[in-house]
Structures are given as structure tokens and as C-alpha cells.
Amino acid sequence: MDLQLTGRRAFVSGSTQGIGYAIARGLLHEGASVVINGRSAGRAQEAVQRLEADVPGAVVSALVADFADPSQVSRLLDDLGEVDVLVNNVGVFGLSAFGAITDEEWQHYVDVNLMSGVRLSRQLLPGMLTRGWGRILFVSSESGVNVPADMVHYGVTKAGMIALANGLAKLTRGTEVTVNTILGGPTFSDGVAATVTRFADAQDMEPADLKAAIAAGNPTSLLQRFIEPREIANLAVYLASPLSSATNGAALRADGGVLTTLT
């Protein structure tokens, strides 16, 4: 299927690995030019080289910024210019008891997970509306609907992301610009893989065995395995395309059936 993305320009935040990298790769495969992002110049350039090897002829570049620092985001936006597709993917996560989460950690999660999308969308949405076409995607999580007790700060910021996308979509009424959210489920990203390996080593287990045990232990999962980043990316690339024109203001689930209520 031709997703009609040839000639479109996209920016994917937090895209040197994991879901963001998979989305960038998918967009490149469909003919879009892509600007990726990471906090480290070295890792960003390595990701560019991997994408160029994965997708011959790809037009891909990188901008370095830490989304916890508003001044770095401002510089990134100065260098980025206009884009047709914005994918708000950057995020941080971690387990923590609610009472142990400091104000500083709360602010860090808000800045990276929520304010990154605010700052990027505020800059880039007006141009999309003026040019008459555009796509904004938020990569949220099922944790934004069913907030985990040991990740309250993460779940709250992901819920905020869903609300932000819903409000922004109302600003696109009657246009060819859309704003949508993906509710991802437990995904075997690079960060999760590293965590699983660390715990497996500590328990003298094979990482593959622990990975399978964790997935099988999720009582509401219909998939009964981790989602692969490319499976989230497949939905993201479709939503970025002109073919998704009738989908706007939606929170679409790619959660493996983890959520048991409609959203």
C-alpha cells in the first residue's frame, strides 16, 4: 500500500532507539524525509547511520536536544523549520513509590513527557494549519488510562498527553490537519530490554525466559507477549499518512488488549 508520504517532512522526538527509531524508519520507508532527535550527538549520528543503512536513499538528519531543558528545545525549534508530520514520542519512565517521588522528579516527568509535546505543537501546528495539511501524533500509553500504582508520575503525564492531543484536535476543525494519540501497551523497547537483562542476570535467568514470564504474568493481556516497537510504528506511520484523513481527535489502542475498558 502506498501511504502517500513521499515528499513529506517529519520530526520524531526521542528517536535514536526503540519506538521512536521504529517510527522514523517506517516513515523513511514510505518516502518521507525525517529529522530524528536524541540527547547525545554521538548516539544521534549513530542512529542516522543505521537508518541510512536500513533504508537506502533515505533522507534523514538529526537534531540534538534534551527535552528536560526548555532552552535546548527552543534551539531545536529554531533549527528545525517547518514539518508536515510531528511525532511526539520522547519520554521517560521508571518505577517509584508515590511517596518517594520528589517535586523535582515530578517536574522532570512533566517537562519531558508532557511539555515536550506542548512546546513542539505550539510552534509547528500553526504552520500546518496555514499550509492546509499536517499530522501531529502523540505516543502515549495504556498507563495514561490505567495508571500504575508504582508509576503514578509516569501515568499522570501520559494522561496529560492524551488530554493535550484531544484539545489540539479541536483547533483543526474543518482542515486537513489531524491530531491523534497512540495508546501503546507493554513494548520491548531498548530500555525495557536492558532492564529485563539486568533483572535476569540478578536472578541467574535467561533474559528470554524472564521476558516471557513477565508477558505471561499480565492478567489482562490478550497478546500474551511484549509488543515490538515496529508494531507501534506501523500504526503511527498510517496515522501520519493522508490515508488516515478521517481519523482525528482519537486515542487509538495498540496495547495488545491490556486495557479492559473502552477509551
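Each value in this text was obtained by applying a stated rule to the coordinates, not by laboratory testing. Everything numeric here is computed off the predicted structure, so don't read it as measured data. Positions of Cβ are backbone-derived with ideal geometry, glycine not excepted, and every protein chain shown enters the neighbour counts.
Within the shell of other residues whose beta carbon sits under 12 angstrom from the beta carbon of Val145, the net charge comes to 0, with Lys and Arg scored +1 and Asp and Glu -1.
Each listed q (0.17, 0.24 Å⁻¹) maps to a log10 I(q)/I(0) for segment 62-163 from the Debye sum over equal C-alpha point scatterers, namely -0.78, -1.25.
If you run the Gaussian network model on the chain, springs between alpha carbon atoms under 10 Å, then out of Val139, Val35, Val87 the most flexible one is Val35. Computed from backbone phi, the HN-Hα couplings of segment 36-43 come to 9, 8, x, 7, 10, 4, x, 5 Hz, rounded to whole numbers (Karplus: 6.51 cos²θ - 1.76 cosθ + 1.60, θ = phi - 60°; Gly and Pro given as x).
The Glu228 and Arg122 beta-carbon pair, evaluated with R₀ = 45 Å, returns a calculated FRET efficiency of approximately 0.90. Between helix 18-29 and the chain there is an angle of about 30 degrees, using the helix long axis and the longest principal axis of the Cα atoms. Can you give the log10 of the normalised intensity I(q)/I(0) at q = 0.34 Å⁻¹, computed with Debye over equal Cα scatterers of segment 224-263? After summing over all Cα pairs, the log10 values are -1.16.
What is the sum of charges around Thr181, taking Lys and Arg as +1, Asp and Glu as -1, for the other residues whose C-beta is under 15 Å from the C-beta of Thr181? So the surrounding residues net to +2. Computed from Cα atoms, the angle from the helix 70-80 axis to the main principal axis of the chain rounds to 40 degrees.
Mean projected area of the Cα convex hull of the chain, taken over all directions, amounts to 14.4 nm². Fewest-first ordering of Thr197, Thr260 by other beta carbons within 10 Å of each residue's beta carbon gives Thr260, Thr197. Ordering Val34, Val112 from the fewest to the most neighbouring beta carbons within 10 Å gives Val112, Val34.
Hey, with R₀ at 41 Å, roughly what FRET efficiency would Glu176 and Ser71 work out to, going by the Cβ-Cβ distance, to 0.05? Show your work: numbers first, answer last.
Working: r = 33 Å, r/R0 = 0.81.
The formula returns an efficiency of 0.80 here.
Which cross-chain or sequence-distant (5 or more) residues have an amide H under 5 Å from the amide H of Ser141, H modelled 1.01 Å from N in plane? Amide H neighbours of Ser141, under 5 Å, 5+ apart: Gly184. Taking θ as phi - 60° and the Karplus parameters 6.51, -1.76 and 1.60, the scalar couplings of segment 146-159 work out to 10, 5, x, 5, 9, 9, 4, 4, 5, x, 5, 5, 6, 5 Hz in sequence order, x denoting glycine and proline.
A simple rule links phi to the HN-Hα coupling: the Karplus curve 6.51 cos²θ - 1.76 cosθ + 1.60 with θ = phi - 60°, which for segment 124-140 gives 9, 4, x, x, 4, 5, 5, 7, x, 7, x, 9, 10, 10, 10, 8, 9 Hz, with x for Gly and Pro.
Rank these for me by crowding, Lys211, Lys170, going from fewest to most other beta carbons within 10 Å.
Lys170, Lys211
Using R0 = 45 Å, the C-beta based FRET efficiency linking Ile101 and Trp133 works out to 0.65. Of Gln45, Gln17, Gln203, which is the most mobile in a GNM of the chain whose springs link Cα atoms less than 10 angstrom apart? Highest fluctuation of the listed residues: Gln203.
Here the Gaussian network model covers the chain, with springs between Cα atoms less than 10 Å apart; of Ile162, Ile19, Ile227, Ile227 fluctuates the most. The Cβ shell under 13 Å around Glu228 holds other residues with a net charge of +2, Lys and Arg each +1, Asp and Glu each -1. Modelled label positions at Asp54 and Ala202, each set 7 Å beyond Cα in the direction of Cβ, lie 3.0 nm from each other. Taking label positions 7 Å along the Cα-Cβ direction at both Thr220 and Ala194, the computed distance is 2.9 nm, reported to one decimal.
Given 25 °C and 0.890 mPa s, how large is the Stokes-Einstein diffusion coefficient of segment 189-263 in µm²/s, with Rh as the Kirkwood radius over Cα pairs? It comes out at roughly 169 µm²/s.
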